[in-house]
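In what follows, a structure is listed as structure tokens, so that the remarks can point back to it.
Any read-out appearing in this document is the output of simple, stated calculations on the displayed coordinates, not a laboratory observation. Source: prediction; values computed, not measured. When we count neighbours, we look across all protein chains shown, and the Cβ atoms used for this are built from the backbone with ideal geometry, even at glycine.
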Amino acid sequence: MPSLKDIKKRIGTVKNTRQITAAMKMVSAAKLRRSQDAVMAARPYSDKMQEVLSRLAQRDSGEEHPLLEERGKGKALVVLITADRGLCGGFNTNISKMAEKFIRENPEGYEDFELFLVGRKGNEYLKRRAGMKIVKVHEYLVGSTQVTYPTAALLGQEIIELYQSDDYDGVFLIYNAFQSVMSQELTVRQLLPIKPGEVDEEELVVDYIYEPSTSEVLGQILPKNVEVQIFRALLEAVASEHGARMTAMDSASKNASEMISKLTLQYNRARQAAITRELMEIISGAESIK
Amino acid sequence: MAEKLKLELVTPYKQVLSEEVDEVTAPGSIGEFGVLPGHTTLLTTLKIGELIYKQGNQSYYVALNWGYVEVEDDTMTVLVETAELADEIDLERAKAALGRAEEALKTIDPGDKRFRTMETALERALIRMQVAGHKS
């Protein structure tokens with residue numbers, strides 16, 4: 001049986017912890033709002049771009065662009081986006097495990113994989129695993145502020161350069177897509193070569209004017225598309241991270257409260273027991289004097 | 001032929017405009033072009049420049065960064081990296097950026113990779129000032 005003082009100390013510590021988790025929850029909630037808005041604002045742009053691109057690529061199957069071309073099934077690059085900070089439940093572990101599983105199971109049938117990591121937590125997890133080749137790590141890229149487009153653009157250019165020079169045959173993007181505050185969707189997306197979506201045959205009948213020329217328009221839009229995809233993935237990942245952290249901190253605060261009430265009960269019982277014991281001692285002392 | 005043209009201006013940060021307009025003039029990469037309602041389908045890239053759209057007699061000006069435009073079914077979708085409406089532009093900031101770019105261009109060797117970057121910055125600043133000049 002712990003002493004009264006011990007229990008009191010425990011209660012104090014748990015209360016402190018609860019204070020911290022509650023504060024973190026509030027901070028995450030505020031950040032979540034902002035990043036959620038950013039995700040929503042970015043969606044029309046990336047959706048429109050996809051739309052234009054699918055139409056463009058379908059129409060123009062004659063001319064090949066290096067970013068559209070199916071290469072082979074040699075080495076693939078996996079771009080994994082995780083958070084830099086922890087304390088957000090299973091957020092980072094889940095996505096890192098997913099990446100590991102993706103590489104082990106290899107659904108696309110590539111010969112080899114290399115990893116391009118964005119975020120500290122993914123690196124911490126994967127660098128200790130066997131058979132994971134990490135070519136590049138970006139830590140604290142996003143920071144605690146909002147994701148900016150230039151950050152994503154730089155990443156995109158880096159990836160395109162890697163793709164064009166280092167003989168990767170495919171690039172996959174793995175990230176948490178934001179669904180709601182409570183849930184994130186683990187997403188694997190093929191970034192390169194770009195797979196244009198399906199378009200209705202009907203729409204294709206319309207004659208298009210391309211200026212300056214189809215290939216030039218494609219040449220400008222395709223790399224842009226990679227940047228936009230990354231930008232969106234980063235935004236989604238950040239929003240998901242805050243959501244996950246908020247949920248995790250919420251349940252942590254709840255657990256702390258529960259623990260406090262349990263400890264308080266225990267404390268009161270112990271106090272009662274102590275009082276009773278003291279009374280007994282006094283009474284038995286008085287009895288013996290008689 | 002439709003009376004109006006729907007102009008949608010979208011950047012990665014937000015949907016800037018979604019309006020019914022009468023006429024749009026945009027800075028295409030091979031020259032400025034105008035779009036009226038009933039225009040044929042078109043896809044073209046844009047360069048840094050100013051986009052002008054008209055509603056009735058009123059003209060509005062927007063400073064654009066790199067992007068592209070798609071015209072289809074009387075809807076004109078403009079996808080750009082940044083777009084600033086004339087009222088939003090901070091003239092002081094644009095002037096400062098212009099000064100910085102000019103300074104940098106003097107010192108950097110034209111062969112340098114950064115030269116191109118600074119040139120674009122210069123162009124952007126000039127366009128911003130031009131657009132801001134239209135502010136009523």
Can you find, among A:Met26, A:Ala239, A:Ile289, the residue sitting farthest towards the positive end of the charge dipole of the protein assembly as shown, where Lys and Arg contribute +1 and Asp and Glu -1 at Cβ?
A:Ile289
Once the convex hull of the alpha carbons of segment B:5-86 is built, what does its volume come to per residue, in cubic angstrom?
74 Å³
The exposure ranking of A:Ile221, A:Ile260, A:Ile209, A:Ile20, fewest beta-carbon neighbours within 10 Å first, is A:Ile209, A:Ile20, A:Ile260, A:Ile221
What FRET efficiency comes out for A:Thr13 versus A:Ala130 if R0 is 41 angstrom and r is the Cβ-Cβ distance? Round to the nearest 0.05.
0.60
Determine the relative contact order of segment B:14-73: mean sequence separation of Cα pairs under 8 Å and six or more apart, normalised by residue count, in whole percent.
34 percent
Cα centre as origin, Lys/Arg/Asp/Glu Cβ charges: the protein assembly as shown dipole, Debye:
4100 debye
Too long for a 25 Å Cα-Cα cut-off, among A:Lys121/A:Lys224; A:Lys136/B:Lys106; B:Lys6/B:Lys95; A:Lys97/B:Lys14; A:Lys5/A:Lys290; A:Lys31/A:Lys254, are A:Lys121/A:Lys224; A:Lys136/B:Lys106; B:Lys6/B:Lys95; A:Lys97/B:Lys14; A:Lys5/A:Lys290
When the helix-only estimate is applied to the protein assembly as shown (DSSP H runs of n ≥ 4, each -39,500 (n - 2.57), divided by the residue count), what is the mean residue ellipticity at 222 nm, nearest 500 deg cm²/dmol?
-17500 deg cm²/dmol
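Counting other beta carbons within 10 Å of each residue's own, what order do A:Ile7, A:Ile159 fall into, fewest first?
Working: A:Ile7 20, A:Ile159 24.
Ascending Cβ contact count within 10 Å gives the list A:Ile7, A:Ile159.
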Can you pull the one-decimal nm distance between simple spin-label points at B:Thr117 and A:Leu186, each 7 Å off the Cα toward Cβ?
3.7 nm
Given the convex hull over the Cα atoms of the protein assembly as shown, what projected area results after averaging over all orientations, in nm²?
32.2 nm²
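List the relative contact order of segment A:14-119 as a percent without decimals, with contacts defined as Cα pairs under 8 Å and 6+ residues apart.
Averaging sequence separation for qualifying contacts and normalising by length gives 31 percent for segment A:14-119.
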Do any GluC sites (Glu not before Pro) in segment A:73-131 lie in a loop, going by DSSP, with at most 12 other beta-carbon atoms within 10 Å of their beta carbon, and if so which?
A:Glu111
Nitroxide proxy distance, nm - points 7 Å out along Cα→Cβ at B:Lys14 and A:Ala30:
2.0 nm
Per 10 Å bin, what percent of the C-alpha pairs of segment B:89-132 does each bin hold, from zero upward?
33, 49, 17, 1
How would you rank A:Met249, A:Met182, going from fewest to most other Cβ atoms within 10 Å of each one's own Cβ?
A:Met182, A:Met249
So, counting K/R as plus one and D/E as minus one, what does the shell of residues with Cβ under 9 Å around B:Gly49 add up to?
-2
In nm, give the distance between the simple-model label positions of A:Gln179 and A:Asp112, each being 7 Å from the Cα along the Cα-to-Cβ direction.
3.6 nm
Need the list of aspartates and glutamates near B:Lys47 for cross-linking: C-alpha distance under 15 angstrom, and skip anything on the same chain fewer than eight residues off.
A:Glu211, A:Glu216, B:Glu32, B:Glu70, B:Glu81, B:Glu84, B:Glu119, B:Glu123
Those lysines that a straight Cα-Cα span of less than 19 Å connects to A:Lys9, excepting residues fewer than 8 apart in one chain:
A:Lys262
Dipole magnitude (debye, nearest 20) for segment A:110-150, charges at Cβ of Lys, Arg, Asp, Glu
200 debye
With contacts defined as alpha carbon pairs under 8 Å and 6 or more residues apart, what's the relative contact order of chain B in percent?
21 percent
Restricting attention to segment A:129-177, which chymotrypsin sites (Phe, Trp or Tyr not before Pro) occupy a DSSP loop and are surrounded by at most 13 other Cβ atoms within 10 Å?
A:Tyr140
